[in-house]
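K.L.:
One structure coming up, written as structure tokens, with questions to follow.
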């Protein structure tokens, strides 16, 4: 039996918790398990936590990572207790929502150094804009990133290749297991083993020191209680206190607490941030790599920047990420030797506003006339190198312009064959021009494009590199844009190949890519795909801050590009969750420079925020999350209404999404047990636009599905009026179009198997 949760957020590996103590218990007849008191159900054995239970604080003081736990264990002489938990599994829910919040269990676990492992995320991020830790609402003293990151480490060392939850493992000072309790039929046996593990232990813990401890000692401590004390002391202290703490941290060298340095880096005081960077520059802790990368995202003196880059290179000796990120930031911080981006952009800024593009038919006739004229001239003057190059460029224009190709009398296959011939003819004409003594960026560009479209990417990249080195800044032609794109593509491919082979690559390659895309961002022939390619590449390299800047600059020009907005929404959700997503788009909607579609994208952001709130994985956060979802849906409907007011001709599309938003609110109310309001909303939504009744929302749930769910609950609660209302709604849809009542594939439930081929 497998227990799964729809709210699992992937964290790098595919985690499959196939069995649990509750699963094993359910194997017996009729799902019963046996304890000392007799036969009880799983629900009785592991009672589900109530809303009041989740509102209580988690009382177990978890260490932040396994290295901290080992250090505290050696210092105090206490054994480590590893606890493994899983969202949605009945016994794990009981431990997280009931037992970990019980003083009795906190006292039982107190002799141990405790760590918690869970692969589920319960908050969208681990730190806020000021660098403060955002604690996991499920486990209390750790962030979600911390309890996620510790799981693969423990799996590698102690799980024996089996992921089971809940699980309790005792580890002694020599890092050896004493016991490993899972598949238990009851909680009593687990707690008995935890109790006897301490009572039968030969090693006695070290006596706790009496009196107050020096701040320097707390700064060096790995204990989560000391770390919390240090961070609280810093945030509540004045500048003198903070500076003194950072100077004391510098004395610790690589042992300086990273969270303290994070608070200084993200504070508003530049002097304190500089002190934090100085500590990071001497760190030997691989965990400092991510913080150094974040620190490099803000302006700083060149000396400090270089010291951080040297620290990354040093840490790269044990963690390859450090080495890669050092090269990335050196490349982004240097100028390209192949392309003068500053001169290019200055020239492009002086370009007149782009004229409207001709209609496709007009463009096709112009290209055909250009090819006819160039062919005639080249035929009468075969030794004229310029005429040969003009012919090559005309053939390329015909091969690459869709308007010149897709005519009613040309099939897709015919166009492909014609294009291959045109590229070959263009290549031959370019080679004739070169033989005639004409060698410049135009010939290199023509050859690069011919080689690329004829399937020779390595040669295409070589000619593109030559062309970019000679092309005059400010060239506005399509060919200039294309060769810049090919140049960037070649550099990206070289970096990817070097990375796959584990080889070093020069920072200049990244400087070239950054410069080429920087020019394309302003080029009149470029499009949003160039911004997407640039952003995705930087993000893959871990250069998050430059990637964000690239995305924001791209949206200034291509403000109505759905793929760019999709990436922006994903970034905002990662950085600040649904609240930041909505806030950004609300502010954006107030700016006319955001484009005519600003209300539409603001509405989309609110809908996505609502759906994120609806999927709050932790029961302890669900009540508040559902309220946030309802409010976000209402804001979405307001934005769609504003869109309709500005674009009345496109009202039907907006009404479709308003209807789905209202149905989403109805689903939230239904889940909350408020069936009367939920049914009223669903009836109103169906009346607004019945044709949307079978359309799924972002969570794959259609309004009809929600009506059926509400109908089921109304019958279970014996509410005949609601049953009649929902039945009438389904009948009206049936009369309108029976297809509206079709069950969506994701709503059918049960196992799905691929259809066997005949």
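The values are calculated or read from the model by the stated rules, or taken from the named source; none is laboratory data. None of the values given here were measured: they were computed from a predicted structure. Using ideal geometry, Cβ is built from the backbone for each residue, glycine included, and neighbour counts are taken over all protein chains shown.
Yes or no, residue by residue, for (1) closer than 30 Å to residue 295 by Cα; (2) in a helix (DSSP H, G or I):
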{"site": "92", "(1), (2)": "no, yes"}
{"site": "119", "(1), (2)": "yes, no"}
{"site": "161", "(1), (2)": "no, no"}
{"site": "180", "(1), (2)": "no, no"}
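K.L.:
Let me ask you something else. What helices (runs of 4 or more DSSP H) lie completely within the range 596-709 and have 3 or more residues being under 28 Å from residue 135 (Cβ atoms) and modelled with pLDDT of 90 or more? Quick ask: steps written out before the conclusion?
P.N.:
Working: elements: 598-614, 619-646, 651-672, 675-688.
Once the helices (runs of 4 or more DSSP H) in the range 596-709 are filtered for at least 3 residues that are under 28 Å from residue 135 (Cβ atoms) and modelled with pLDDT of 90 or more, what remains is 598-614, 619-646.
K.L.:
Name the residue, out of 524, 507, that is touching a residue at least 60 places away in the same chain (Cβ under 8 Å) and touching a helix residue (DSSP H, G or I) at 6+ places or on another chain (Cβ under 6 Å).
P.N.:
507
K.L.:
Let me ask another. Restricting the search to the range 733-742, which residues are exposed (fewer than 15 other Cβ atoms within 10 Å of the Cβ) and touching a residue at least 12 places away in the same chain (Cβ under 8 Å)?
P.N.:
The answer is 736, 737, 739, 742.
Per-residue answers, yes or no, for (1) in the same structural domain as residue 466 (by TED's automatic domain parsing); (2) under 14 Å from the mean Cα position of the chain (by Cα); (3) surrounded by fewer than 21 Cβ atoms within 10 Å (Cβ to Cβ):
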{"residue": "517", "(1), (2), (3)": "yes, no, no"}
{"residue": "521", "(1), (2), (3)": "yes, no, yes"}
{"residue": "528", "(1), (2), (3)": "yes, no, yes"}
{"residue": "532", "(1), (2), (3)": "yes, no, yes"}
{"residue": "548", "(1), (2), (3)": "yes, yes, yes"}
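K.L.:
I'm told residue 145 meets every condition in (1) in a loop (DSSP other than H, G, I, E, B); (2) without any contact (Cβ under 8 Å) to a residue 40 or more places away in the chain except one. Can you identify the failing condition by its number?
P.N.:
It fails just one condition, (1).
K.L.:
Shifting gears a bit: Could you say which residue among 361, 284 is surrounded by fewer than 19 Cβ atoms within 10 Å (Cβ to Cβ), in contact with a helix residue (DSSP H, G or I) (Cβ under 7 Å, 6 or more places away or on another chain), farther than 28 Å from residue 515 by Cα and at pLDDT below 90? Even if it seems obvious, please write down each step before you answer.
P.N.:
Numbers: 361 fails: in contact with a helix residue (DSSP H, G or I) (Cβ under 7 Å, 6 or more places away or on another chain).
Result: 284 is the single residue among 361, 284 that is surrounded by fewer than 19 Cβ atoms within 10 Å (Cβ to Cβ), in contact with a helix residue (DSSP H, G or I) (Cβ under 7 Å, 6 or more places away or on another chain), farther than 28 Å from residue 515 by Cα and at pLDDT below 90.
K.L.:
How many residues are surrounded by 16 or more Cβ atoms within 10 Å (Cβ to Cβ), modelled with pLDDT of 85 or more and not in a helix (DSSP H, G or I) if we restrict to the range 377-433?
P.N.:
1
K.L.:
Moving to a separate point now. Consider the range 58-90. How many of its residues are surrounded by 18 or more Cβ atoms within 10 Å (Cβ to Cβ), out of contact with any strand residue (DSSP E or B) (no Cβ under 7 Å at 6 or more places or on another chain) and either outside any helix (DSSP H, G or I) or free of Cβ contacts under 8 Å to residues at least 40 places away in the same chain (or both)?
P.N.:
Number satisfying all stated conditions: 7.
K.L.:
Now, a different point. For the list (1) touching a helix residue (DSSP H, G or I) at 6+ places or on another chain (Cβ under 9 Å); (2) at pLDDT 90 or above; (3) surrounded by fewer than 21 Cβ atoms within 10 Å (Cβ to Cβ), I need the number of the one condition that residue 488 fails.
P.N.:
Status for residue 488: all satisfied but (3).
K.L.:
While we're on this one: Taking the criterion of being in a helix (DSSP H, G or I), outside the structural domain of residue 180 (by TED's automatic domain parsing), surrounded by 13 or more Cβ atoms within 10 Å (Cβ to Cβ) and more than 30 Å from the chain's Cα centre (by Cα), would at least one residue in the range 255-267 satisfy it?
P.N.:
Let us first name the residues in the range 255-267 that are in a helix (DSSP H, G or I), namely 255, 258-265.
Imposing the further condition that a residue be outside the structural domain of residue 180 (by TED's automatic domain parsing) reduces the set to 255, 258-265.
Then drop every residue that is not surrounded by 13 or more Cβ atoms within 10 Å (Cβ to Cβ), which leaves 255, 258-265.
The next check asks that each one be more than 30 Å from the chain's Cα centre (by Cα); those that pass are 255.
Scanning the range 255-267 turns up at least one residue that is in a helix (DSSP H, G or I), outside the structural domain of residue 180 (by TED's automatic domain parsing), surrounded by 13 or more Cβ atoms within 10 Å (Cβ to Cβ) and more than 30 Å from the chain's Cα centre (by Cα).
K.L.:
Out of all the residues in the range 227-237, is one or more within 29 Å of residue 157 (Cα to Cα) and either without any contact (Cβ under 8 Å) to a residue 12 or more places away in the chain or not assigned by TED's automatic domain parsing to the domain that holds residue 159 (or both)?
P.N.:
Narrowing the range 227-237 to residues within 29 Å of residue 157 (Cα to Cα): 227-228.
Within this subset, residues satisfying the condition of being either without any contact (Cβ under 8 Å) to a residue 12 or more places away in the chain or not assigned by TED's automatic domain parsing to the domain that holds residue 159 (or both) are 227-228.
The answer is yes, given that some residue of the range 227-237 is within 29 Å of residue 157 (Cα to Cα) and either without any contact (Cβ under 8 Å) to a residue 12 or more places away in the chain or not assigned by TED's automatic domain parsing to the domain that holds residue 159 (or both).
K.L.:
Something else about it: Which condition breaks for residue 109 when tested against (1) at pLDDT 95 or above; (2) under 27 Å from the mean Cα position of the chain (by Cα); (3) more than 22 Å from residue 152 (Cβ to Cβ)?
P.N.:
Failing condition for residue 109: (2).
K.L.:
Can you name the number of the only condition in (1) in contact with a helix residue (DSSP H, G or I) (Cβ under 8 Å, 6 or more places away or on another chain); (2) in a helix (DSSP H, G or I); (3) at negative phi that residue 559 fails?
P.N.:
For residue 559, the failing item is (2).
K.L.:
Would you point out the residue of the range 534-543, among those that are without any contact (Cβ under 8 Å) to a residue 60 or more places away in the chain and over 14 Å from residue 571 (Cα atoms), that is surrounded by the fewest Cβ atoms within 10 Å (Cβ to Cβ)?
P.N.:
In this case the residue turns out to be 537.
K.L.:
Now a separate question. I'm told residue 170 meets every condition in (1) in contact with a strand residue (DSSP E or B) (Cβ under 7 Å, 6 or more places away or on another chain); (2) assigned to a helix (DSSP H, G or I) except one. Can you identify the failing condition by its number?
P.N.:
Unmet for residue 170, out of (1) in contact with a strand residue (DSSP E or B) (Cβ under 7 Å, 6 or more places away or on another chain); (2) assigned to a helix (DSSP H, G or I): (2).
K.L.:
Are there any pairs with C-beta distances below 6 angstrom linking a residue in the range 113-140 that is within 14 Å of residue 100 (Cβ to Cβ) to a residue that is assigned to a strand (DSSP E or B), with the two at least 6 apart or on different chains, and if so which?
P.N.:
Partner pairs satisfying both residue conditions: 114/81; 115/82; 116/83; 117/84; 139/116.
K.L.:
Sticking with this structure for a sec: Given the condition at negative phi, more than 30 Å from the chain's Cα centre (by Cα), assigned to a helix (DSSP H, G or I) and free of Cβ contacts under 8 Å to residues at least 40 places away in the same chain, answer yes or no: does some residue in the range 277-299 qualify? Lay out the reasoning, then the answer.
P.N.:
Narrowing the range 277-299 to residues at negative phi: 277-299.
Right, trim to more than 30 Å from the chain's Cα centre (by Cα) and you get 278, 282.
Pick out the ones that are also assigned to a helix (DSSP H, G or I) and you get 278.
Subset that is free of Cβ contacts under 8 Å to residues at least 40 places away in the same chain: 278.
Within the range 277-299 (the criterion being at negative phi, more than 30 Å from the chain's Cα centre (by Cα), assigned to a helix (DSSP H, G or I) and free of Cβ contacts under 8 Å to residues at least 40 places away in the same chain), the answer is yes, since at least one residue qualifies.
K.L.:
Conditions: (1) more than 20 Å from residue 224 (Cβ to Cβ); (2) touching a helix residue (DSSP H, G or I) at 6+ places or on another chain (Cβ under 7 Å). Residue 158 meets all but one. Number of the miss?
P.N.:
(2)
K.L.:
Would you check if residue 568 is without any contact (Cβ under 8 Å) to a residue 24 or more places away in the chain, over 16 Å from residue 639 (Cα atoms), assigned to a helix (DSSP H, G or I) and out of contact with any strand residue (DSSP E or B) (no Cβ under 8 Å at 6 or more places or on another chain)?
P.N.:
The answer is yes for residue 568.
K.L.:
Could you check how many residues of the range 114-134 are under 21 Å from the mean Cα position of the chain (by Cα), within 15 Å of residue 227 (Cβ to Cβ) and buried (at least 20 other Cβ atoms within 10 Å of the Cβ)?
P.N.:
Matching residues across the range 114-134 total 2.
K.L.:
Same structure again: Among what's in the range 190-220 and is touching a helix residue (DSSP H, G or I) at 6+ places or on another chain (Cβ under 7 Å) and over 24 Å from residue 179 (Cβ atoms), pick the residue that is surrounded by the fewest Cβ atoms within 10 Å (Cβ to Cβ).
P.N.:
Filtering the range 190-220 for residues that are touching a helix residue (DSSP H, G or I) at 6+ places or on another chain (Cβ under 7 Å) and over 24 Å from residue 179 (Cβ atoms), the one surrounded by the fewest Cβ atoms within 10 Å (Cβ to Cβ) comes out as 216.
K.L.:
To continue, here is another question. Would you pick out the residues in the range 105-117 that are in a loop (DSSP other than H, G, I, E, B) and in contact with a helix residue (DSSP H, G or I) (Cβ under 7 Å, 6 or more places away or on another chain)?
P.N.:
Quick first cut of the range 105-117, residues in a loop (DSSP other than H, G, I, E, B) only: 110-112.
Within the range 105-117, 111 is the sole residue that qualifies.
K.L.:
Right, another one. Which numbered condition trips up residue 477, out of (1) modelled with pLDDT under 95; (2) surrounded by fewer than 22 Cβ atoms within 10 Å (Cβ to Cβ); (3) farther than 20 Å from residue 347 by Cβ; (4) over 34 Å from the mean Cα position of the chain (by Cα)?
P.N.:
Residue 477 satisfies every listed condition except (3).
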